[in-house]
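Novice: Quick one: this structure, given as structure tokens, is what I'll be asking you about.
Every read-out reported here was derived from the displayed coordinates using simple, explicitly stated rules and does not represent laboratory data. Keep in mind it's a predicted model, so treat the numbers as computed, not measured. Cβ atoms come from the backbone with ideal geometry, glycine included; neighbour counts cover every protein chain shown.
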Amino acid sequence: MKKSDLCNKNIFGSFKNAWRGIWTVLIHEPGFKYMLLAALVVVFLMIYFPTSRTEKAVLLAMIFSVLTLELINSVMERFLDFLQPNDDARVRKIKDLMAALVLIVSLGALTIGILVFWPHFRQFF
């Protein structure tokens, strides 16, 4: 086997593992599904309303930030549950802090979404 074959196998194996991880989070993590649904709504609104390239870039950056942090939160929760399966105040505090991180970024994304889309929604009120 050539060295290039090993590299290709590793790359394809890495993508296979990544896709398996995406399916795992989609099946087992309701919070991620809700965030993904919100992201799809925002993408639809970006396409429907005339938004600038800059607005689209900022909205997409926020979408990926929220989804990434939600995924990190899910990983941390599973890891902490693995390390400490019993209820532990220290673990609960770490989980609460991770959830707060996701909440803060989500509120930031919501604020940006309101700033971008409010002028378009005003016409309906």
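Novice: Pairs needed: first member in the stretch 59-72, hydroxyl-bearing (Ser, Thr, Tyr); second member anywhere, in a helix (DSSP H, G or I); C-beta distance under 6 Å; at least 6 residues apart or different chains.
Specialist: From residues that are hydroxyl-bearing (Ser, Thr, Tyr), the pairs are Ser65/Val105.
Novice: With respect to Glu55, is the statement that it is touching an Asp or Glu at 6+ places or on another chain (Cβ under 8 Å), touching a residue at least 12 places away in the same chain (Cβ under 8 Å) and of a type outside the set (Val, Ile, Thr) true?
Specialist: Spelling it out, it is not the case that Glu55 is touching an Asp or Glu at 6+ places or on another chain (Cβ under 8 Å), touching a residue at least 12 places away in the same chain (Cβ under 8 Å) and of a type outside the set (Val, Ile, Thr).
Novice: Which one of these does Val116 not meet: (1) under 16 Å from the mean Cα position of the chain (by Cα); (2) touching a residue at least 24 places away in the same chain (Cβ under 8 Å)?
Specialist: (1)
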